[in-house]
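All remarks here apply to the structure that follows.
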Amino acid sequence: MIASGGVYRSGQMAFTHRDDTTFRAIPSDTDVSELRATHFAYDLTDARHDINVVFPIEALRSLASEEVVGELAPDFFTCMGGIYSQRRVNDDLAPALVDRCHADSIDVVLLVPV
């Protein structure tokens, strides 16, 4: 999963600004109580109440446990959506995410845009 809702794990650095092209790797077995969200472009009320609205980690775990999908990747990835610089997304963020997915031998990615 790659989600653009600005989700990060407690202990990781929060996303900092609207053109933040970094990403966070979140282990797929992370407890939802450890997940946080920060974002400049949407109301965080619902995400802070239930992180699954922008990062459907529990739904994916359920699909895997029911064998609807195969195994989950070791990590899910999140980034800040709403990046204004298309060049920075094309040159920095997208290649870094693709490289990481290849390194983890991920076959399919669910994109969760905000």
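Any read-out appearing in this document is the output of simple, stated calculations on the displayed coordinates, not a laboratory observation. All figures in this text were calculated on a predicted structure; none of them were measured in a lab. All Cβ positions, even for glycine, are placed from backbone atoms using ideal geometry, and neighbour counts span all protein chains on display.
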Amide hydrogen neighbours beyond the local backbone of Ser4, cut-off 5 Å, H modeled: Cys79, Val112, Val114
For the chain, calculated [θ]222 nm from helices alone, where every DSSP H run of n ≥ 4 adds -39500 (n - 2.57): -5500 deg cm²/dmol
Loop-located chymotrypsin sites (Phe, Trp or Tyr not before Pro) in region 10-92, at most 12 other Cβ atoms within 10 Å (DSSP): Tyr84
Leading residue at positive end of dipole, region 2-112 (Cβ point charges), from Val32, Asn90, Val53: Asn90
GluC sites (Glu not before Pro) lying in DSSP loop within region 1-92, provided at most 11 other Cβ fall within 10 Å: Glu66, Glu67, Glu71
Beta bridges per DSSP with both ends in region 2-112, % antiparallel, nearest 5: 70
Rounded to whole Hz, the Karplus (6.51, -1.76, 1.60) HN-Hα couplings of region 73-83, x for glycine and proline: 5, x, 10, 9, 10, 10, 8, 8, x, x, 6
For region 48-104 versus region 1-33, the gap between their alpha-carbon centres in whole angstrom: 9
Cut-off 18 Å (backbone N to label point 7 Å along Cα→Cβ of Gln86), residues of region 1-31: 19-21
Reported label for calculated log10 I(q)/I(0) by the Debye sum over Cα atoms at q = 0.11, 0.18, 0.21, 0.22 Å⁻¹ given (1) -0.33, -0.90, -1.21, -1.31; (2) -0.44, -1.18, -1.42, -1.46; (3) -0.36, -0.85, -1.07, -1.15: (1)
Size of electric dipole in region 2-112: Cβ of Lys, Arg +1 and of Asp, Glu -1, about Cα centre, debye, nearest 20: 480
Likely footprinting exposure, Thr78, Thr38, Thr45, fewest C-beta neighbours within 10 Å first: Thr45, Thr38, Thr78
